[in-house]
1. Determine, yes or no, whether L350 is at pLDDT 95 or above and in contact with a helix residue (DSSP H, G or I) (Cβ under 8 Å, 6 or more places away or on another chain).
2. Looking at (1) surrounded by fewer than 23 Cβ atoms within 10 Å (Cβ to Cβ); (2) in contact (Cβ under 8 Å) with a residue 60 or more places away in the chain, find the lone condition where G59 falls short.
3. Only one residue in V30, V93 is more than 26 Å from N256 (Cβ to Cβ), free of Cβ contacts under 8 Å to residues at least 60 places away in the same chain, among the hydrophobic types (A, V, I, L, M, F, W, C) and in contact with a strand residue (DSSP E or B) (Cβ under 7 Å, 6 or more places away or on another chain), so which one is that?
4. How do the helices (runs of 4 or more DSSP H) wholly within the range 206-308 filter down when requiring 3 or more residues that are free of Cβ contacts under 8 Å to residues at least 40 places away in the same chain and at negative phi: which remain?
5. In the list F20, F77, which residue meets the criterion of being surrounded by fewer than 21 Cβ atoms within 10 Å (Cβ to Cβ), modelled with pLDDT under 95 and not charged (D, E, K, R)?
6. Take A147 and tell me if it is crowded, with 16+ Cβ neighbours inside 10 Å and either without any contact (Cβ under 8 Å) to a residue 24 or more places away in the chain or in the same structural domain as S81 (by TED's automatic domain parsing) (or both).
7. Could you check how many residues of the range 185-196 are in contact (Cβ under 8 Å) with a residue 60 or more places away in the chain and either in contact with a Cys (Cβ under 6 Å, 6 or more places away or on another chain) or under 30 Å from E246 (Cα atoms) (or both)?
8. Pairs, please: C-beta under 8 Å, at least 6 apart or cross-chain, first residue more than 13 Å from I224 (Cα to Cα) and in the range 165-184, second of a type in the set (G, A, S) and not in a helix (DSSP H, G or I)?
Amino acid sequence: MKGAYIHIPFCDHICYYCDFNKYFLKYQPVDEYLAALEQEIATVTGAVGDVRPETIYIGGGTPTALNPEQMGMLLDFVRRSLNPDGRVKEWTVEANPENLDGEKLRLMKAAGVNRLSIGVQTFNDRLLQAIGRAHDREAVFRGVEAARRVGFDNLSIDLMFGLPGQTMEDLKASLSDALSLAPEHVSVYSLQIEPRTIFYNRLRQGRLRRVDEDVEADMYAFLIDFLEQRGYTHYEISNFALPGKESRHNLIYWDNEEYFGFGAGAHGYVHGERYINASSVKGYIRRVREDGDARIESRRLTRTEKIEEEMFLGLRKRSGVNKDAFYEKFGADVHAVYSEAIARLKEQGLLYEDEQRLALTKKGVFLGNEVFQAFLMD
């Protein structure tokens, strides 16, 4: 198995744009959840066999919202279950700046965590307040300084663009602040307003004004140029890295490889089957206690579905889809499956092809969803 994702669904506050599976930390049965998580990991990995993933990713929610005792408990059983010999190549924990205190950082470092993904979103205090974040600009600097002091040398910073009220100057200032911290990796996402979020309700009520689409496109174009000019490789639609610092775990998704998903609402892909866990905390705990795992849905992918995923996941990477790898996986030339779509997208200037690969052009990056749709077979 290539990777293992572990979901911690607890937050000490809820951001206005967030549609991930999350719950207010206060009054939640956190210790019971962690016990169930340990049981699920043991049961599932035991059934599959002696599997050691290459990457571990603990996301949320907010993993660093756990108290030090709970954090220590989580890290200990994850290490014992998934990384007993210390051979995991990349172990990432998502963190919020306000939670990056010395004790938690030392616990993570001692357990073997070697990468942090820090949810900054913007360095503008006005915008941070407007999107419901709990930290301010200075907290980011303090948190990163604390992480460096403990010895973390692989940090990713998450930023957002297209935020309500955000200007191009705001974005430029945030990018400059981010790079002043010399992160090894930067992720930059456009705001997506999803159902079941505070922003979605405000939009329906006419209380939220979205950034103009042309302005958002200009922001995206600017940040690509800004980061590339400063040595960051644009290796995936929303992700930039210094050489050798690409996210190994996320590349598992985009390379369409298999991975475990543990925790409430987690998704996994094991032995050709995609599965989803129960999303509610209490439902998750109950299912694990009764069955050893928490799956509420599991489905074996058809060959057609696997081919579709190979294309629309692989094309997210700037390196694109390797044609030889496609043939090895599916026993067919990619042109034999998608000749018309490839020809049309190349003519439109959205797709590039050479002897080894198919990849998005710079124009195609801006119209990625249109390209991906072309590879869905009826």
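The values are calculated or read from the model by the stated rules, or taken from the named source; none is laboratory data. On a predicted model such as this, the values are computed, not experimentally measured, just so you know. Cβ: placed from backbone, ideal geometry, glycine included. Neighbour counts: every protein chain shown.
1. yes
2. (2)
3. Working: V93 fails: more than 26 Å from N256 (Cβ to Cβ).
Just one listed residue meets the conditions, V30.
4. Qualifying helices (runs of 4 or more DSSP H): 213-229, 281-291.
5. Selected residue: F20, the only one of F20, F77 that is surrounded by fewer than 21 Cβ atoms within 10 Å (Cβ to Cβ), modelled with pLDDT under 95 and not charged (D, E, K, R).
6. It is true that A147 is crowded, with 16+ Cβ neighbours inside 10 Å and either without any contact (Cβ under 8 Å) to a residue 24 or more places away in the chain or in the same structural domain as S81 (by TED's automatic domain parsing) (or both).
7. Residues flagged as in contact (Cβ under 8 Å) with a residue 60 or more places away in the chain and either in contact with a Cys (Cβ under 6 Å, 6 or more places away or on another chain) or under 30 Å from E246 (Cα atoms) (or both) within the range 185-196 amount to 6.
8. If the second residue must be of a type in the set (G, A, S) and not in a helix (DSSP H, G or I), the pairs left are P183/S156; E184/S156; E184/A241.
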